[in-house]
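Have a look at the structure below, then the notes.
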Amino acid sequence: MIRVLLVDDDAIVWAGLRLMLGGAPDIDLVAEAADGAEVPGLVAAHGPDLVLMDIRMPGVDGLAATERLRAQPGAPEVLVLTTFHTDAHVLRALRAGAAGFLLKDTPPQEIVTAIRTVAAGDPVLSPAVTRRLIDRVAGGDGGQGARATAARARLALLAGREREVAVAVGRGLSNAGIGRELHLALPTVKTHVSRILTRLDLNNRVQIALLVHDADLPDSGGPPR
């Protein structure tokens, strides 16, 4: 069972998500919160595998709640589900360690699938969010100045093969695609990705991709997908 904590202050959304998740045999909605301030206590009490997080809430908003939660060891995954998707919201959530970002008009079955995907350790971005990231990177907004310098310094901590794998993640390749391109076995690719996450103190491969694009490397190719 995938244990889910729902964090949203909209009662109508609660009712819809309860109904939707109640029909999934492998998902258990263990608790609900209407304010990000409630998240630490509910996580400690219920041990969810995933937090389904809104952004705009009274008190502590979803972005601040995600940052605080993902900074803790052993934190559950976070899937942001919201009506707000400005560049700043998307990037702040992903940099904080959210493994997914979906809009509330996403079809119900796709939300259920996204929960399963994120719980399994893979990132999920809605098409609209992906397009915004592509536009941002294509416009050269992510690789300038101090952020690029800091990103390059972090990537310099990686060994040669680890750097190649990180750049491939930044180009949007799957583990299988990285294996084919770099002539590596799939378990070897997974090991490299795990080492990159540990060495750079990152939460997921979306953050690897963002770091690569922040660095604006000549071999980093296109934006994350």
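The values are calculated or read from the model by the stated rules, or taken from the named source; none is laboratory data. Fair warning: this is a prediction, and the values are worked out from it, not measured in the lab. Glycine also receives a Cβ, built like all others from the backbone with ideal geometry; neighbour counts cover every protein chain displayed. Ligands, DNA and RNA are excluded from the accessible area calculation, which covers all protein heavy atoms including side chains. Shrake-Rupley method; radii C 1.70, N 1.55, O 1.52, S 1.80 Å.
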Completion exercise
For T66, T191, T198, T149, the accessible-area ranking with a 1.4 Å probe, largest leading, is T198, T149, T191, T66
Fill in the blank from the handout: In whole angstrom, largest first, the equivalent ellipsoid semi-axes that the Cα gyration tensor gives for region 26-67 are 18, 11, 9
Problem - Per residue accessible area of region 1-48, 1.4 Å probe, in Å² - result: 47
Problem - Fraction of accessible area attributable to carbon and sulfur, the chain (%, probe 1.4 Å) - result: 54
Problem - Mean ellipticity per residue at 222 nm, deg cm²/dmol - from DSSP H runs of n ≥ 4 across the chain, formula -39500 (n - 2.57) - result: -16000 deg cm²/dmol
Problem - P(r) tail fraction, the chain - alpha-carbon pairs more than 33 Å apart, % - result: 17
Problem - Unit charges at the beta carbon, dipole of the chain: most positive-side option, A93, T198, I111 - result: T198
Problem - Signed unit charges on C-beta, dipole axis of region 1-63, positive-most listed residue A11, M57, L21 - result: L21
Completion exercise
Between R199 and R3, the two model label points (7 Å from Cα along the beta-carbon direction) sit apart by a distance in nm of 3.4
Practice task
With a 1.4 Å probe and every protein chain left in place, work out the accessible area per residue of region 156-216 in Å², rounded to a whole number.
Solution key: 45
Problem - Difference of contour (0.36 nm per residue) and Cα-Cα distance, Q72 to L186 - result: 38.1 nm
Handout entry: Dipole of the chain, positive direction: furthest Cα of G177, A75, V39, with charges on the beta-carbon
Key = G177
